[in-house]
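The values are calculated or read from the model by the stated rules, or taken from the named source; none is laboratory data. Predicted model, so just to flag it, every value in this text is computed and none were measured. Cβ coordinates were reconstructed from backbone atoms using ideal geometry, including for glycine residues, and neighbour counts include every protein chain displayed. Heads up: the accessible areas ignore ligands, DNA and RNA and are worked out on the full protein's heavy atoms, side chains in. Shrake-Rupley method; radii C 1.70, N 1.55, O 1.52, S 1.80 Å.
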Amino acid sequence: MQRVFSTFFKISLFAGFLSAFLAIVFGVILMRGYGRNLPDHAILTKYSPPITTRVHAGDGRVLAEFKREHRLFVPIQEIPQVVRVAFLSAEDKDFYQHPGIDAQALTRATLRNVKSMVTGRRLVGGSTITQQVAKNFLLTNEISYERKIKEAILSFRIERALTKDQIFELYLNEIYLGEGSYGVAAAAMTYFGKSLSDLTVPEAAYLAALPKAPSNYHPVRHRDSAIGRRNWVINRMVEDSWIDSDNAAIAAASPLYITGRPKQERVIASWFSEEVRRELKNLYGEADLYGGGMSVRATIDPKLQSLADKALIEGLESYDRRHGWRGALGKINLEENWLDELNKFQPPPGLHDRQIALVISTTPAVAYITLANGSKGTIAFEELKWARKRLRNQRIGSTPETVEDVLEAGDVITVKPLSKDDREQADPAIKYKLDQIPNIDGAIVAMDPHTGRVLAMSGGYSNDRSQFNRATQAKRQPGSAIKPFIYLSALEAGHTPATLILDAPIVVNIPGYGLWKPQNYSGRIYGPSPMRVGLEKSRNLMTIRLAEYLGIDSIIKTADRFGLGQKMRPELGSALGSGEVTLLELTSAYAMLANGGLKITPSFVDSVHDRNGHLIFRHDNRECVACSGTEANPIFPPEIPDNRERVADPLSRYQLVSMMQGVVENGTGRRVQMPGRPLAGKTGTTNKALDAWFIGFSSNLTVGVFVGFDQPRTLGPREGGGSVAAPIFGNFMREAWAIKPGAPFKTPPGLEFVRVSRLTGLPPKGRDQSAVLEAFVPGTRPLNGNRVIGGGLSDTTTEIVTPASFDADSDDEVLGEELPTREASDQ
């Protein structure tokens, strides 16, 4: 018996050794077979998760966020203990002890999966945190034994390459926890509106309950399951001795209260945000834009942006109102269920503060309306008598005499509530006024002329209606707004604001077009007139004659220094703005006139820091050695070198600015003048009044306004830059002055100031009411004669050709005959 037992023992021992040997061999074979061509786990040592890029406005508020995933990366040492232990208890309590695989958990999962394969149920994982890192970062979500083997191999390798804390950090920042949130920090903000440091035990336990299946434990749709799973995690925390039973009971009894992300006070500037996005994408590419975790400081001034939006919207609405009523949005049959039909009515984009209403009945004096919510109201005749019928080419019909001339029962319209002041003056029952969404559009840009920082920009009436940015994407003819650069060419060539130019008919032969006979808008001619008057009154004949005298190539060279040369074709029509520019390009060019003639580049971004807080971009790239360190002086401000390129002669530039001040004080831009506040600028109107511009500036702020239809058509009779765009500029600048006050334009050294007649450009005789103090470069002041460009020599006895040579009401911005050029385009 003893011999039999001995033999059995030896056989068993041999079988055991053989089994172990075969297991080792089998394991080696598996390791070699499945270990080949596995993803390189070393990339985890350099892993940088995609993080939201956040853009802040000048006042620190959030302007925009660019991301593909909602994720906030938090170092492991910054993640609170309660969060870490909740996830350890829920997912892998022995994480800090095992080598990457938990043998006991794996055995339990294997036995369960054998039963599941027999019964046809879904297989379970039993993965450690390390295995989940391997799966999430390096493998797929496929549930199979082959993937589990690869997962195990990678887990061993990861454990050798990284510390436990590094692995846990990757896991807690990568794990998907539902509602678009990746990582515990993002989830804490999504569900509870809190940072990690503020989470309670039940809140941390709920987050730890989510990794297995976030949708199954949704706090609203599956509330009972969510609470049950959370309390299971709390019990596990007790079993693992992380919390005591008393605190666990309190935690388990607490309600699952979801607050969601706190609403941040944001700056709403959709077109500006999009330009920031484009600039960042050009600088860093799409991957870093949406996942680089950059912190961006935009140039936007929220107060100015608000004023710009308001001025543009009100200006477009004002233009639209004076061009009449386009009619109701639709009709509803009042004999059917009209309230349901009204609620089904699709409102057009761009409503702003308007409401959709249905006209129920009318009398000659009042329209009775109902809103979509069922509330009733009335519109008095006084609140719709503006609604003259719109005719072709923006003309309007006769003034309505009754409400019934405008509205009828069944009309679907847009209305606005009366303002408080309006309600006090009207019948208390009258609550609304008829309104309509403008079909015209435009843009406004405000810029710091000294730095190129874009402080405000609105690219249209409504971003909901159209995302097309008319400030940066619409290329339109600038018309007379290009004229300052023609006159600058003349000033730099030695002429003066008093130089006379013959205002008389001219015929130009343009190759490919034939003979072109430009005209002043008024159809009149004015004889020899000073250059100043030519710019103030926007005289076309004077400008064409001056351009012909200077040569278009010389003018293009001047414009090129301001970034406009490539927009001009080598033909005389370019002198009247036949090329195409964007509002931002033209405003930037004017900013260089405002800042003394120095080159600037427009920018929407002040600075960019990477995810680690390192400065990687700064718009102002000048170095200031004395701004910090031992060189810093606490008493005297440092002098920062000015490395901007000079694009204009400072004396000629000042003469031009003085003439542009005359545009505001005496010429086509009179609507924007503000007594005691120095402003300069120029209107612009193209042929057939397709486009209206006003670009102007103070010493510290340059503002450009464009107005026109997206599909170019006339703005209507007597409409142009002075009547459409200039009021928008004026309304903005009047309020913006309190934020960015200006000062008198600086006079460069070397000029002489002489009083001359505005009529003749010569020293005045007697009590000349038109005399103006004019700036001259030494040696250029007029004496007893003044040569006329295009017309010989003038002297003090020369008669002006027409008695209306100085007509304050004749503002000639546009041609009487179409320019020899293709029509402006939006594209």
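See the values below:
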item	result
Under the Debye formula (equal points on every Cα, no solvent term), log10 I(q)/I(0) of segment 296-423 at q = 0.17, 0.21 Å⁻¹	-0.98, -1.33
Where 299, 714 fall by accessible area, highest first, once all protein chains stay in place (1.4 Å)	714, 299
Percent breakdown of C-alpha pair distances by 10 Å bin, ordered from the shortest bin, for segment 521-598	18, 43, 34, 5
Relative packing of peptides 181-190, 593-602 - highest average C-beta neighbours within 10 Å first	181-190, 593-602
Gained length - residue 368 relative to residue 735, 0.36 nm times residue gap less alpha-carbon distance	128.3 nm
Segments 693-705, 502-514 sorted - mean Cβ within 10 Å per residue, highest first	693-705, 502-514
Solvent accessible area, Å² - residue 399, 1.4 Å probe, full protein context	80 Å²
Accessible-area value, residue 241, 1.4 Å probe, nucleic acids and ligands omitted, Å²	100 Å²
Ordering of 330-340, 193-203 by packing [mean C-beta count within 10 Å, highest first]	193-203, 330-340
Given 46/93; 194/281; 310/740; 310/416; 135/281; 67/263, the pairs whose alpha carbons are separated by over 20 Å	46/93; 194/281; 135/281
Amide hydrogen neighbours beyond the local backbone of residue 787, cut-off 5 Å, H modeled	794
Neighbourhood net charge (15 Å Cβ-Cβ; Lys/Arg +1, Asp/Glu -1) for residue 290	+1
Accessible area, probe 1.4 Å, largest first, for residues 607, 89	607, 89
Probe 1.4 Å, all protein chains present, accessible-area order of 636, 732, largest first	636, 732
R0 of 45 Å, Cβ-Cβ distance residue 554-residue 264: FRET efficiency to nearest 0.05	0.25
Sorted largest first, extent of segment 385-537 alpha carbons per principal axis (Å)	68, 43, 38
Geometric extent, Cα atoms of segment 241-320 - Rg, Dmax (angstrom)	23.1, 73
Diffusion coefficient, µm² s⁻¹, Stokes-Einstein with Kirkwood Rh over alpha-carbon pairs of segment 328-373 at 25 °C and 0.890 mPa s	211 µm²/s
Nearest-10 value in Å² for the accessible area of residue 368, using the 1.4 Å probe	100 Å²
Compactness relative to 2.2 N^0.38 Å, alpha carbon Rg of segment 713-770	1.82
Binned Cα-Cα distances of segment 605-733, short to long, each 10 Å bin given as a whole percent	11, 26, 23, 22, 14, 4, 0
Cubic angstrom per residue, convex hull over Cα atoms of segment 172-300	137 Å³
Cα-projected label distance for residue 623 with residue 281, points at 7 Å along beta-carbon direction, nm	3.5 nm
Fully extended contour minus Cα-Cα distance, from residue 713 to residue 321, at 0.36 nm per residue	139.4 nm
